[in-house]
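All remarks here apply to the structure that follows.
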Amino acid sequence: MKILSFFIFLSYLVFFIVLPPFQNPDEPSHYETVYWTSQGFYPYIPNNLTTPLSYGRNVEKYFDATTKDSYAIPPFSKIAKFSQNSGKISIGKPTSIQAYNPPVYYIVAAILLRLSQLIKMNPLQQFYMTRLASGLFYFGTLVFAYKILQKVHRDEALRKGIFVSFALNPLFLQSAIGISPDIAVVFFTTVFFCLLLYLPVKLQTTIPVGLTAGVALLCKISAIFLLPLFVTFLFYKKMAGKEIIQNSIVFLSIVFITQVPWFLFNMIRYHTPVVSDIALGTTSQKVSLMRIPYGFIATVWGMRHTFMHFSGFLGWNNVFPFSIIFIPFTVFFILFIIIGFFHTFSKHDDVSILSLWSVIYLLVFFLIFETDRVVFHNAGWEIGGRNILPIFMPLVLFVSEGLRMFLRKKDILIGKVLIYFSIFYYFFILIFVLIPRYYV
Amino acid sequence: MYKKIVITLIVILPLFYIFVGYPIAQRIPVTGTANSLRCFSVDSLKPFFMCSHDKLQGVPFIKHIFVEMNDLQNGFGILFLLVIFIQILLLVSIV
């Protein structure tokens with residue numbers, strides 16, 4: 001396991017260096033949010049998203065990351081000049097389109113950025129130092145993910161195979177490197193699962209579970225699926241009705257209490273506890289209700305892209321393997337997930353319950369959310385693979401379960417094949433996708 | 001032992017491509033948008049990333065690592081190869 005862990009560490013390191021700056025979806029605006037947070041000021045959400053990523057009138061020319069060219073790297077020399085002259089510039093209200101996200105991840109990243117500024121690193125080094133925040137969450141996730149696997153399979157070979165498949169997935173690696181709160185949600189979700197698996201369910205232990213869910217929600221709103229998940233878990237534990245109610249109330253109260261500062265902050269700034277329309281990027285429009293079925297079907301069909309991203313869609317989802325590779329990968333990925341998903345219904349252990357219902361709740365959340373955007377807001381983008389990373393571990397468990405059904409439970413063989421394939425695919429994506437895209 | 005070697009070679013198969021080079025890749029359209037980040041023009045990035053100029057098109061990547069004149073870039077390229085080599089050694093233990 002130590003050798004495998006070191007291998008994973010080196011694999012992460014290679015990707016960390018090879019993946020260029022700002023080549024993660026929304027990374028420029030996430031970085032800008034971190035930058036302002038490091039200066040002690042949480043940026044505003046811009047009023048009008050039709051202006052090209054306004055970063056605040058007076059600093060736009062310095063942080064103009066997304067130019068007319070597709071995702072050009074911002075000029076670090078300009079950022080350096082801004083850092084030197086910021087005292088002389090009237091900056092008004094700094095803005096970031098990602099500022100609707102809660103602040104936990106940005107605070108952690110800002111601490112690292114501030115540290116790098118204090119020790120006089122140059123802007124490029126500061127950027128990589130900030131990326132380390134994602135690295136911390138990634139390795140923390142791996143620690144707790146392995147603890148979850150120890151509850152699932154007795155066979156060590158299979159455990160290792162699932163672990164490596166999880167850790168070396170290209171999309172997961174990219175999300176673990178880029179400056180984005182996605183990896184933070186994955187970390188706290190993994191911790192949440194671990195707490196439920198290892199702690200007895202009673203009022204005293206509901207407190208740390210509630211705190212974890214609350215902090216996850218303070219990384220990104222998508223963590224909301226943890227709330228119904230906990231209540232569902234209580235039902236499966238066959239507790240008395242009164243205990244379920246008590247534990248649910250304590251849990252939800254603690255989650256609510258953790259959100260109060262963020263709600264108050266939004267109320268003061270935007271007169272709403274949760275930012276909605278601006279975050280969606282468009283304004284509401286009246287439409288015929290007949291559009292809803294169409295919107296729903298379009299959303300379900302669009303989710304094929306969500307699963308496709310796990311085949312190695314990097315960059316701004318514009319860097320991907322040849323179709324002869326990613327199409328079969330996606331087909332088999334979805335096929336084994338479905339087989340494993342339905343087979344898991346026959347199991348009643350804690351990991352299976354958490355896996356099933358976490359996938360159900362998160363996918364339902366995104367289906368509703370995305371259908372709303374398509375129908376009522378005429379939004380064009382779809383849910384990316386990175387958005388469902390909190391349930392990536394359950395999905396990998398379903399794949400392994402599907403393989404076990406298909407290969408008649410030859411666990412040792414499956415484990416070894418998963419390890420070899422994951423490492424092979426990692427090298428394949430590195431050499432045939434990542435390096436050619438940016439360096440040749 | 002024989003099985004170990006064969007499996008390791010299969011798993012690291014993609015790595016051989018850096019020795020073969022990218023002449024083949026040049027004939028395959030690069031997936032992604034037209035505005036590719038072929039060469040980072042930002043001065044502060046150059047020490048850390050290898051910039052590909054037109055004359056390097058079609059050059060094997062392994063040779064590409066040593067073509068740049070800057071010592072730091074060469075050092076970075078050598079470090080990259082070293083890490084890959086260590087990974088191969090670890091892989092032999094894993095298999």
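Quick look at the numbers
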| read-out | value |
| --- | --- |
| Cβ crowding within 10 Å averaged over residues, with A:367-374, A:311-318 ranked highest first | A:311-318, A:367-374 |
| Per-q log10 I(q)/I(0), region A:321-385, q = 0.20, 0.25 Å⁻¹ (Debye; single scatterer per alpha-carbon; no solvent) | -0.94, -1.02 |
| Neighbouring partner chain Cβ atoms per residue of A:27-40, average, 10 Å criterion | 0 |
| Footprinting exposure proxy for A:130, A:299 (fewest neighbouring C-beta atoms within 10 Å first) | A:299, A:130 |
| For residues of A:422-435, the mean tally of beta carbons on other chains within 10 Å | 5 |
| Taking A:336, A:137 and counting other C-beta atoms within 10 Å, the order from fewest to most | A:336, A:137 |
| q = 0.12 Å⁻¹: log10 I(q)/I(0) that the Debye formula gives for region A:285-440, counting C-alpha atoms only | -0.63 |
| Relative counts (whole %) of C-alpha pair distances in region A:117-251, using bins that are 10 Å wide | 12, 34, 31, 17, 6, 1 |
| A:179, A:414, B:86 arranged by Cβ crowding within 10 Å, fewest neighbours leading | B:86, A:414, A:179 |
| Net charge of neighbours whose Cβ lies under 12 Å from the Cβ of residue A:98, counting Lys and Arg as +1 and Asp and Glu as -1 | -3 |
| Percent of alpha-carbon pairs separated by more than 18 Å within region A:387-440 | 51 percent |
| HN-Hα J in Hz across region B:82-95 - Karplus 6.51, -1.76, 1.60, θ = phi - 60°, x for Gly and Pro | 5, 4, 4, 4, 4, 4, 5, 4, 5, 4, 4, 6, 6, 5 |
| Region A:291-400, relative contact order in percent, only Cα pairs under 8 angstrom and at least six apart counted | 42 percent |
| Under 5 Å, built H, 5+ apart or other chain: amide partners of residue A:95 | A:44, A:56 |
| For residue A:314, residues with placed amide H under 5 Å, excluding near neighbours | A:319, A:320 |
| Too-long pairs where the Cα-Cα distance tops 32 Å, listed order kept, from A:2/A:409; A:160/A:242; A:147/A:410 | A:160/A:242 |
| Shielding by other protein chains, B:84-92, mean Cβ within 10 Å | 4 |
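Each reported figure results from applying straightforward, stated rules to the coordinates on display, with no laboratory input. Small disclaimer: the values here were computed from a predicted structure and weren't measured. Backbone-built Cβ (ideal geometry, glycine too); neighbour counts: all protein chains shown.
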